[in-house]
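The values are calculated or read from the model by the stated rules, or taken from the named source; none is laboratory data. Only a predicted model underlies this, so the values are computations on that prediction, with no experimental measurement involved. As a convention, Cβ positions derive from the backbone with ideal geometry for all residues, glycine included, and neighbour counts pool all protein chains shown. Remember, those area values only see protein heavy atoms, side chains included, never the ligands or the DNA or RNA. Shrake-Rupley method; radii C 1.70, N 1.55, O 1.52, S 1.80 Å.
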Amino acid sequence: MSAAYATFGLAPATRAGGVLADGGYQAHRDFVDFVVDGRPLLFRLSDLDAVSPLASDIPPAIFTEQVRALLLEAEPPLPEGRFVIYGCPECADLACGAVTAVIEHDGEDYIWRDFAWQTEERADLQLNGYHGIGPFRFHGAEYRAALGALREGSVAPRRRVLLIGARVAVLARLAAALRTIGIGADITQDARAVPAEELRGYGAVAFGRAVGEADRSAVLEAFDRAGVEVARVDGLAPIVPLLVAQIEHALDRSPLPQRRLTGLTAAGSTADVEVTSACRVRITAYRLDRLYRTRVREVFDGVLEPGRHRVPLAPKAVKGEAFVVARTTGGVLTAPVTGQNRDGDGESGPLGSAS
């Protein structure tokens, strides 16, 4: 088989979890993605919500077996030499659908070919093949080095967050929501009393709005003394789905050049969104009314092409103190809505590229 060589690499990636506007939950999954010719392979598959088999939350023995399979040191899990490349992030059941491909040797090289969407034991290439993807030929040494490195160290991220704030009821609801989607959460009022070995288990620390800057600095100094580089989250408002989204973003370890959603700002009655590849983007507006109750509205749900886009926001959806959350299958961003008055005055324009 002849095919031009492609580069092969691996990079940390995240399937962002969250509390959805309809009240449902989406599981948080950290995994290792395949990078082909400098671009995540997942990005070539339109807006697929999936993770690779190299997920951080599977048992070490199973993770090692997945690496061995990709190195062709174990039997393929599916007939005709097919391997699961991406699967369902919620249950990993083939019935939910998976991207599969044939992986084979050609001398020292490794070849990935005949990509297909598969829901049964055998793939139908004519009906469900990804005809525009592959085949990819990888140099054996580069391929083995990348996958072999996974055996050397742990890919498990620090998926715990320390919550600090004055409103215990909000913190408790936030912790419960985070645990539901697979992120550990603990509540404290003074991190200085937390042993250093425990602090090393946190990937982020989130502060409520009532926590003063002096107290925030003291907490961050405690992490510094423990030798921990921790992401800082300054809570925008006591709105649980919004705070979950902020924490999801803070825990995202994927390299910036390999993220789909890279920018979000909101002013008046428009939001500016930037994406690096075609993907579905959902934007939700949250606001606090005059009685401090949370109001939620979905303001956009559609596929955006690469570039910067301006999305209109319904003035009533962002009246008063408001915030927006933009979500793709692989990431999430949050932003306050600026330049908005109590009456929600603002001008909205058509969806399109932002000037």
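Worth pointing out:
- Relative intensity, log₁₀ I(q)/I(0), of region 170-227 from a Debye sum that treats every alpha carbon as a point, q = 0.25, 0.27 Å⁻¹: -1.13, -1.21
- Neighbourhood net charge (11 Å Cβ-Cβ; Lys/Arg +1, Asp/Glu -1) for C88: -1
- Close amide H pairs (under 5 Å, H built 1.01 Å from N) link V337 with A322, F323, V324, residues at least 5 positions away or on another chain.
- Across region 125-206, C-alpha contacts under 8 Å between residues 6 or more apart give a mean separation that, scaled by the residue count, equals a relative contact order of 34 percent.
- Carbon + sulfur, % of accessible area of region 286-336 - ligands and nucleic acids excluded, 1.4 Å: 52
- Region 232-300: Cα Rg divided by the 2.2 N^0.38 Å rule of thumb: 1.24
- Cα-based values for region 190-328, radius of gyration first and Dmax second, are 17.4, 49 Å.
- Computed P(r) (all Cα pairs; the chain; 20 Å bins; percent): 27, 53, 20, 0
- Across region 200-346, Cα pairs under 8 Å and at least six residues apart give a relative contact order of 23 percent.
- Sequence-separation-based contact order of the chain, relative, with Cα cut under 8 Å and 6+ spacing, percent: 15
- Normalised convex hull volume, region 55-173, alpha-carbon set, Å³ per residue: 159
- Kirkwood radius, region 8-48, all distinct C-alpha pairs, inverse of mean reciprocal distance: 11.6 Å.
- Free-standing Cys, the chain [no other Cys Cβ under 4.7 Å]: C91, C279
- A 1.4 Å probe run over the protein chains yields, for the chain, 45 Å² of accessible area per residue, whole-number rounding.
- Alpha carbon convex hull of region 31-111, projected area averaged over orientations, nm²: 5.9
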